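Scroll down for the structure; my scribbles are underneath it.
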Amino acid sequence: MIGTFNVGNIFTAEILNEAGTSVVLANVGTATTSPVTVIIPMGLPSGRYQLRIKSSNPALNNAQNSDVFTVTSTPTIAATANGVKPLSVCAGIALNLSASDGFTSYSWRGPRNYTSTTRSPQLAAAIDGTYTVTGTSSCGTATDSVRVTVTPLPIPNVGASKTVYFWQRPFNLPPPVVQDISMLGQGLMDSLPNKTLLLPMLLLP
């Protein structure tokens with residue numbers, strides 16, 4: 001911007017649309033002398049823009065805008081597990097982690113020192129904990145996490161103190177069960193080795 005400027009003049013940079021016909025952001029840098037440092041703010045949508053410098057005293061716009069430049073925003077990243085977030089699964093279920101695209105590299109970290117550098121790593125069995133992914137692009141990094149809750153499988157309560165009966169299978173008759181052996185017939189009991197009975201059993205009078 002060339003001209004004569006009065007005391008107290010301030011130069012202000014503006015971002016215009018690609019055609020240079022409307023202001024997108026009114027103040028992205030100020031200075032009292034040249035040059036004017038311009039900071040492209042975070043959150044500016046990806047697109048093509050122009051820059052314009054204006055003065056405050058006198059109030060003038062630069063006769064020529066800058067060349068068209070391109071802004072590429074840092075994409076946000078989203079982490080999921082088996083397609084959802086958060087995830088609850090039973091023990092032994094496979095785990096498929098995934099992160100949104102738009103990054104040149106990925107870094108996953110999780111429980112039990114788990115790491116991976118692929119976008120969508122897979123585990124044969126899910127591990128309980130939080131999995132965090134960091135994506136890196138030419139415009140910076142972004143991070144997101146997903147919580148995975150693993151429920152252990154139930155364990156059958158079987159032990160030496162438990163009595164298990166099999167239908168129509170032989171079993172040893174404990175002594176307390178038969179109080180009066182004559183009720184079953186002495187001849188029948190004498191014919192059974194080790195007092196073994198077969199169920200079901202029909203005793204006729």
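Numbers at a glance
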quantity: Qualifying residue in the range 95-116 (condition: β-branched (V, I, T) and surrounded by fewer than 17 Cβ atoms within 10 Å (Cβ to Cβ)); calculated: yes
quantity: Exclusive hit being at pLDDT 90 or above, surrounded by 16 or more Cβ atoms within 10 Å (Cβ to Cβ) and among the hydrophobic types (A, V, I, L, M, F, W, C), set A31, A13, A19; calculated: A13
quantity: Neighbours by Cβ (under 7 Å, 6+ apart or cross-chain): first from the range 33-47, closer than 16 Å to G140 by Cα; second part of a loop (DSSP other than H, G, I, E, B) and among the hydroxyl-bearing types (S, T, Y); calculated: L44/S73; P45/S73; S46/T72; S46/S73
quantity: Residues located in the range 92-137, provided they are basic (K, R) and either in a loop (DSSP other than H, G, I, E, B) or modelled with pLDDT under 95 (or both); calculated: R119
quantity: Filter result (within 17 Å of L25 (Cβ to Cβ) and either in a loop (DSSP other than H, G, I, E, B) or in contact with a Cys (Cβ under 6 Å, 6 or more places away or on another chain) (or both)) within the range 50-87; calculated: N62, N65, S66, V68, T72, S73
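The values are calculated or read from the model by the stated rules, or taken from the named source; none is laboratory data. Keep in mind that this is a model prediction, so the values were computed, not measured. All Cβ positions, even for glycine, are placed from backbone atoms using ideal geometry, and neighbour counts span all protein chains on display.
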